[in-house]
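Here the structure is laid out as structure tokens; the discussion comes afterwards.
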Amino acid sequence: MKKIEIYDTTLRDGTQSLDFTLSAKGKLDLLTKFDEYHIDIVEGGFPQSNPKEAEFFKYASMIDLKNSRLAAFGMTSKNSQKVSEDEGIRSLIEANTPVITIVGKTWDFHVRDVLGVSNDENLKMISNTIKFLTDQGKSVIYDAEHFFDGYKENPSYATKTLQAALEAHADKVVLCDTNGGTLYYEVQQIIKELKSSMGNIPFGIHTHNDAGMAVPNALEAIRQGAEQVQGTINGVGERCGNA
């Protein structure tokens, strides 16, 4: 029987829920509890975002986790900088976690209007960031932000972003329904098309609940071959929550 890896993002994505905050100590307490629960990967947060996050990672690295691996979360490096000189990337290395999750732009609309770079430049940002981190001995997971929206608009480009991550030796690519508007039959169709064009790639699923479909979409992705499911305790998270 295939094992489905559980990736918990309560300590980051969950804290974006309205009226849900955690101190550094509270996050550390939950980390030890998640370790007791045998959660495979626990995402601790975004080290560069604020001093509380930096404090959490400082003390989290001292905890002897028995069952879980800790992940730090960050973005691809800026196009104008060498990866090694990017402050955000340096903060991920300094977090001293075995796993690093990198979120990148998958929808060409965001590449153009948010990052303000070309499609090819975005592919290089994904590739260079992941290659730098894997060269540092890190296990890297690539979160493909707005994957399903991007695929619907430009399937060729959305696929290229996943290919860039895998060629740079990402362990997994995670298909993110970032705005929570995808329906289960779309998840099924898109993953089937993706497997047809890319083969049996190692992929995971990250779903939001804006359409009430976070759990059904995650289950459908598992049915289609997902090896990892990202979610939060009790489904807390930004807007309507996560799986």
Tell me, yes or no, whether region 19-26 has at least one residue that is over 30 Å from G225 (Cβ atoms), open to solvent by less than 60 Å² (accessible area, probe 1.4 Å), part of a loop (DSSP other than H, G, I, E, B) and of a type outside the set (V, I, T). yes
What's the number of the only condition in (1) within 26 Å of L70 (Cβ to Cβ); (2) of a type outside the set (S, T, N, Q); (3) out of contact with any Lys or Arg (no Cβ under 6 Å at 6 or more places or on another chain) that A168 fails to meet? (3)
Please determine, by comparing only the residues of region 186-196 that are within 17 Å of M213 (Cα to Cα) and not β-branched (V, I, T), which one is surrounded by the fewest Cβ atoms within 10 Å (Cβ to Cβ). Q189
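Would it be correct to say that R69 is closer than 21 Å to Q230 by Cα, out of contact with any helix residue (DSSP H, G or I) (no Cβ under 7 Å at 6 or more places or on another chain) and surrounded by fewer than 20 Cβ atoms within 10 Å (Cβ to Cβ)?
Numbers: closer than 21 Å to Q230 by Cα: yes; out of contact with any helix residue (DSSP H, G or I) (no Cβ under 7 Å at 6 or more places or on another chain): yes; surrounded by fewer than 20 Cβ atoms within 10 Å (Cβ to Cβ): yes.
It is true that R69 is closer than 21 Å to Q230 by Cα, out of contact with any helix residue (DSSP H, G or I) (no Cβ under 7 Å at 6 or more places or on another chain) and surrounded by fewer than 20 Cβ atoms within 10 Å (Cβ to Cβ).
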The one condition in (1) touching a helix residue (DSSP H, G or I) at 6+ places or on another chain (Cβ under 7 Å); (2) open to solvent by 50 Å² or more (accessible area, probe 1.4 Å); (3) modelled with pLDDT under 95 that P47 fails to fulfil: (2)
For Q163, the lone unmet condition from (1) over 19 Å from Y7 (Cβ atoms); (2) touching a residue at least 40 places away in the same chain (Cβ under 8 Å) is (2)
Taking N122 and the conditions (1) polar (S, T, N, Q); (2) surrounded by fewer than 24 Cβ atoms within 10 Å (Cβ to Cβ); (3) farther than 21 Å from Y7 by Cβ, which numbered condition does it fall short on, given that it satisfies the others? (2)
Filtering region 137-185 for residues that are open to solvent by 50 Å² or more (accessible area, probe 1.4 Å), among the small types (G, A, S) and over 20 Å from H110 (Cα atoms) leaves a count of 1
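Quick one: in region 1-18, which of the residues that are of a type in the set (V, I, T) and assigned to a loop (DSSP other than H, G, I, E, B) is most open to solvent (accessible area, probe 1.4 Å)?
Of region 1-18, the ones of a type in the set (V, I, T) are 4, 6, 9-10, 15.
The next check asks that each one be assigned to a loop (DSSP other than H, G, I, E, B); those that pass are 4, 9-10.
Numbers: I4: 45, T9: 1, T10: 6 Å².
Filtering first and then ranking leaves I4.
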Answer yes or no as to whether T134 is under 22 Å from V83 (Cβ atoms), within 18 Å of the chain's Cα centre (by Cα), open to solvent by less than 10 Å² (accessible area, probe 1.4 Å) and hydroxyl-bearing (S, T, Y). no
Which members of region 149-178 meet the condition of being within 14 Å of the chain's Cα centre (by Cα), more than 18 Å from I100 (Cα to Cα) and of a type outside the set (D, E, K, R)? T178
Search result, residues across region 210-243 that are of a type in the set (S, T, N, Q), within 22 Å of A165 (Cα to Cα) and part of a loop (DSSP other than H, G, I, E, B): Q224
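So, of the residues in region 213-229 that are closer than 14 Å to V187 by Cβ and not aliphatic (A, V, I, L, M), which turns out to be surrounded by the most Cβ atoms within 10 Å (Cβ to Cβ)? Spell out how you get there, then give the answer.
Initially, region 213-229 is screened for residues closer than 14 Å to V187 by Cβ, giving 213-226, 229.
From what's left, not aliphatic (A, V, I, L, M): 216-217, 220, 223-225.
Numbers: P216: 16, N217: 28, E220: 21, R223: 12, Q224: 18, G225: 15.
Residue satisfying both the conditions and the ranking: N217.
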Pull out all pairs, ordered by first then second residue, where Cβ-Cβ is under 6 Å, the residues are six or more apart or on different chains, the first lies in region 196-209 and is over 20 Å from V229 (Cα atoms) and part of a helix (DSSP H, G or I), and the second is open to solvent by less than 40 Å² (accessible area, probe 1.4 Å) and among the aliphatic types (A, V, I, L, M). none
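The values are calculated or read from the model by the stated rules, or taken from the named source; none is laboratory data. These numbers were taken from a predicted model, which means no experiment stands behind them. Please note: Cβ atoms are built from the backbone with ideal geometry, for glycine as well, and neighbour counts cover all protein chains shown. Surface accessibility is based on the protein's heavy atoms, side chains included, excluding ligands, DNA and RNA. Shrake-Rupley method; radii C 1.70, N 1.55, O 1.52, S 1.80 Å.
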